[in-house]
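Engineer: Below are the structure tokens for one structure; questions will follow.
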Amino acid sequence: MSELIDRYIHQVGLYVRPRERTEIEAELRSQIQDQLEDRYGSSPTQTEIAAVLKQFGDPRSMAASYSGEQYLVGPTLYPFLMTVLRIGLPLVPAVIVLATLVGAVLSPVGSNWAALLLGSIVTAVQGTLLFLAIVVLIFAILERSGEPFGEGTKAAFNPLELPAVDDPAAVDRLESGIGLAIGTLIGVAILYFLQVGGLTLRFNLADPGDVLPVPTEWLVVLLLTTLGSIFVNLWALIHRRWTLETWLLETVLNVVGAVGFYFVLLRPVLERLTQTVPALSERLPLDQLPSLITLVMVVLITLGSGSRLIRLWQHRQGANA
Amino acid sequence: MVDGVDTLEQLRLELRRGIVVLAVLSLLDSASYGYNLIQRLAALGLNIEEGSLYPLLRRLEKQGLLQSEWDTTESRPRKYYRISPTGQAVLTALRAEWEETVAVMRGILEGEHHE
């Protein structure tokens, strides 16, 4: 008689939390037997058991009811996840295809353009899927770390403390979303470059193709600054504001990242370019170009971030006064 | 029309969700096992599916509103639920809320506040 019941309970047990499984299975068995006895006495037929089980419903639905609502990424973080994906999903394949084409121009070996195009599409698909997986993983980890997001915000909310329209602490969701999307992409690329020992545009661990050696220590620095920037931006997004300290940290990370960019990308690529096309270096003063680009980047970052730093500091002074 | 029926069913479920909790807490001032509770609720006119009630009992127990005990003296074990002191306090508050809501809703539905 109980074989069908065993099968039903086993199916429910497959989909409930392991630590609750024994208890839920025991409860269900007792409840099914109560109902069977009441309706059909002590010896129900297979058809009668099936009728009762049908009333209990599909095992997966029953298990889902026991589990309650569960999220990979909850409603509080979901809008931020979607912002990052909306920006990143079209950006990632475009950047990969563009980088592949630029790489082909710089490559000392002649290129088969048809194979190159096909390869860049495959790489773009791989890169996009990887980007998607990593972004979702980051948000899933955030969802499960520390205090639950959104809890207690109703009690803590004070309309009188709403930020001013031109508040320097305000977080631009688009800006942070783009930062997170690009940061994630760069982080993944650096991990790959570390694995293959230099720069390459063929994202295939088994056959990375033509690898341009770059200083490993600067790759590590760039990876750390990228990861740091990702988490600082996430912190700002979740707390809905920048502080003097977090914006200062973001600025420092960006400046160090720009310097790392010089050692990891600008200088090695320019050296390769002058080797590939010697005539170019004879006609143009390319030696100073990487330093100049880096200097401009550092100045722009410092000026752009510096003005906000000053406003944040003034804002704090005003709040303390 | 199908959409309308689906929406109605969804709204009906949402409306009943809180009511079922109130009904279950109200009936569990004396110990009862799951199927017995389903029968008592049905006899009073509130039909609840097994797939809804049994997980709800477990959830209320986890929230500390119910306490349970396995009775192993009979031919097979059976789990009995009873309202806890915390559940009793919650029930009192919920009941006051319910009565106030019913009065307000009656006024709204019967048009007392319509201009």
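Engineer: Take the stretch A:276-294 and flag every residue that is touching a helix residue (DSSP H, G or I) at 6+ places or on another chain (Cβ under 9 Å), of a type outside the set (D, E, K, R) and in a helix (DSSP H, G or I).
Structural biologist: A:Thr276, A:Leu280, A:Ser281, A:Leu286, A:Leu289, A:Pro290, A:Ser291, A:Ile293, A:Thr294
Engineer: A follow-up question, please. Out of B:Gln39, B:Gln88, report the one residue that is within 11 Å of chain A (Cβ to nearest Cβ) and touching a helix residue (DSSP H, G or I) at 6+ places or on another chain (Cβ under 9 Å).
Structural biologist: Details: B:Gln88 fails: within 11 Å of chain A (Cβ to nearest Cβ).
Criteria check complete, one pass: B:Gln39.
Engineer: Count, please, the residues in the stretch B:45-64 that happen to be out of contact with any Lys or Arg (no Cβ under 9 Å at 6 or more places or on another chain), outside any helix (DSSP H, G or I) and either within 12 Å of another protein chain (Cβ to nearest Cβ) or modelled with pLDDT of 95 or more (or both).
Structural biologist: 4
Engineer: Condition first: of a type in the set (Val, Ile, Thr) and touching a Gly at 6+ places or on another chain (Cβ under 9 Å). Now tell me which residues in the stretch A:1-37 satisfy that.
Structural biologist: The answer is A:Thr22, A:Ile24.
Engineer: Let me ask something additional. Considering B:Glu14, B:Glu74, B:Glu9, B:Glu61, which residue is surrounded by 11 or more Cβ atoms within 10 Å (Cβ to Cβ) and either without any contact (Cβ under 8 Å) to a residue 24 or more places away in the chain or more than 23 Å from A:Arg60 (Cα to Cα) (or both)?
Structural biologist: On the way: B:Glu14 fails: surrounded by 11 or more Cβ atoms within 10 Å (Cβ to Cβ); B:Glu74 fails: surrounded by 11 or more Cβ atoms within 10 Å (Cβ to Cβ); B:Glu9 fails: surrounded by 11 or more Cβ atoms within 10 Å (Cβ to Cβ).
Just one listed residue meets the conditions, B:Glu61.
Engineer: So, of the residues in the stretch A:9-61 that are touching a residue at least 40 places away in the same chain (Cβ under 8 Å) and within 9 Å of another protein chain (Cβ to nearest Cβ), which turns out to be surrounded by the fewest Cβ atoms within 10 Å (Cβ to Cβ)?
Structural biologist: Across the stretch A:9-61, the extreme among qualifying residues is A:Glu20.
Engineer: Restricting attention to helices (runs of 4 or more DSSP H) lying wholly within the stretch A:1-68, give those where 3 or more residues are farther than 16 Å from B:Glu49 by Cα. Talk me through it step by step, then tell me what you get.
Structural biologist: Numbers: elements: A:3-14, A:18-40, A:46-56, A:59-67.
In the stretch A:1-68, A:3-14, A:18-40, A:46-56 are the helices (runs of 4 or more DSSP H) which contain 3 or more residues that are farther than 16 Å from B:Glu49 by Cα.
Engineer: Moving on. Restricting to the stretch A:212-251, what's the tally of residues that are modelled with pLDDT of 90 or more, of a type outside the set (A, V, I, L, M, F, W, C) and under 14 Å from the mean Cα position of the chain (by Cα)?
Structural biologist: Looking only at that region, the number is 3.
Engineer: In addition: Give just the number: which of (1) part of a helix (DSSP H, G or I); (2) among the small types (Gly, Ala, Ser); (3) within 10 Å of chain A (Cβ to nearest Cβ) does B:Ser68 not satisfy?
Structural biologist: Against the list (1) part of a helix (DSSP H, G or I); (2) among the small types (Gly, Ala, Ser); (3) within 10 Å of chain A (Cβ to nearest Cβ), B:Ser68 comes up short only on (1).
Engineer: Follow-up. Listed residues B:Val90, B:Val20; which is hydrophobic (A, V, I, L, M, F, W, C) and under 24 Å from A:Phe56 (Cα atoms)? Quick ask: steps written out before the conclusion?
Structural biologist: Working: B:Val90 fails: under 24 Å from A:Phe56 (Cα atoms).
Just one listed residue meets the conditions, B:Val20.
Engineer: Quick one: which residue in A:Val264, A:Val256, A:Val252, A:Val299 is over 20 Å from A:Gly103 (Cβ atoms) and either touching a Pro at 6+ places or on another chain (Cβ under 8 Å) or crowded, with 17+ Cβ neighbours inside 10 Å (or both)?
Structural biologist: Values: A:Val264 fails: over 20 Å from A:Gly103 (Cβ atoms); A:Val252 fails: either touching a Pro at 6+ places or on another chain (Cβ under 8 Å) or crowded, with 17+ Cβ neighbours inside 10 Å (or both); A:Val299 fails: either touching a Pro at 6+ places or on another chain (Cβ under 8 Å) or crowded, with 17+ Cβ neighbours inside 10 Å (or both).
That would be A:Val256, the only listed residue that is over 20 Å from A:Gly103 (Cβ atoms) and either touching a Pro at 6+ places or on another chain (Cβ under 8 Å) or crowded, with 17+ Cβ neighbours inside 10 Å (or both).
Engineer: Test of understanding: among A:Leu205, A:Leu194, A:Leu185, which residue is crowded, with 19+ Cβ neighbours inside 10 Å and under 24 Å from the mean Cα position of the chain (by Cα)?
Structural biologist: Values: A:Leu205 fails: crowded, with 19+ Cβ neighbours inside 10 Å; A:Leu194 fails: crowded, with 19+ Cβ neighbours inside 10 Å.
Criteria check complete, one pass: A:Leu185.
Engineer: Would you mention how many residues in the stretch A:65-90 are within 14 Å of chain B (Cβ to nearest Cβ) and surrounded by fewer than 18 Cβ atoms within 10 Å (Cβ to Cβ)?
Structural biologist: Going residue by residue through the stretch A:65-90, those that are within 14 Å of chain B (Cβ to nearest Cβ) are A:65-70.
Next, from what is left, pick out any that are surrounded by fewer than 18 Cβ atoms within 10 Å (Cβ to Cβ): A:67-70.
Number of matching residues: 4.
Engineer: A further question follows. Among (1) assigned to a loop (DSSP other than H, G, I, E, B); (2) over 28 Å from A:Ala51 (Cα atoms), where does B:Arg76 come up short?
Structural biologist: (2)
Engineer: Restricting to the stretch A:63-81, and then to whatever is in contact with an Asp or Glu (Cβ under 8 Å, 6 or more places away or on another chain) and at pLDDT 85 or above, can you tell me which residue is nearest to A:Leu237 (Cα to Cα)? Don't jump to the end; show me each part of the working.
Structural biologist: Taking the stretch A:63-81 first, the residues in contact with an Asp or Glu (Cβ under 8 Å, 6 or more places away or on another chain) are A:66, A:71-74, A:77.
Filter once more, so that each one left must be at pLDDT 85 or above: A:66, A:72-73.
Details: A:Tyr66: 33, A:Leu72: 18, A:Val73: 15 Å.
Across the stretch A:63-81, the extreme among qualifying residues is A:Val73.
Engineer: Please specify each residue of the stretch A:262-290 satisfying the condition of being at pLDDT 90 or above and hydroxyl-bearing (Ser, Thr, Tyr).
Structural biologist: Hit for the stretch A:262-290 is A:Tyr262, nothing else.
Engineer: Can you tell me which residues in the stretch A:13-32 are farther than 21 Å from A:Glu69 by Cα and either touching a strand residue (DSSP E or B) at 6+ places or on another chain (Cβ under 7 Å) or basic (Lys, Arg) (or both)?
Structural biologist: First, the residues of the stretch A:13-32 that are farther than 21 Å from A:Glu69 by Cα: A:26, A:29-32.
Once the filter is applied, which keeps residues that are farther than 21 Å from A:Glu69 by Cα and either touching a strand residue (DSSP E or B) at 6+ places or on another chain (Cβ under 7 Å) or basic (Lys, Arg) (or both), the stretch A:13-32 yields A:Arg29, A:Ser30.
The values are calculated or read from the model by the stated rules, or taken from the named source; none is laboratory data. All of these numbers come straight from a predicted model, not from anything done at the bench. No Cβ is skipped: glycine too gets one built from the backbone with ideal geometry, and neighbour counts run over all protein chains shown.
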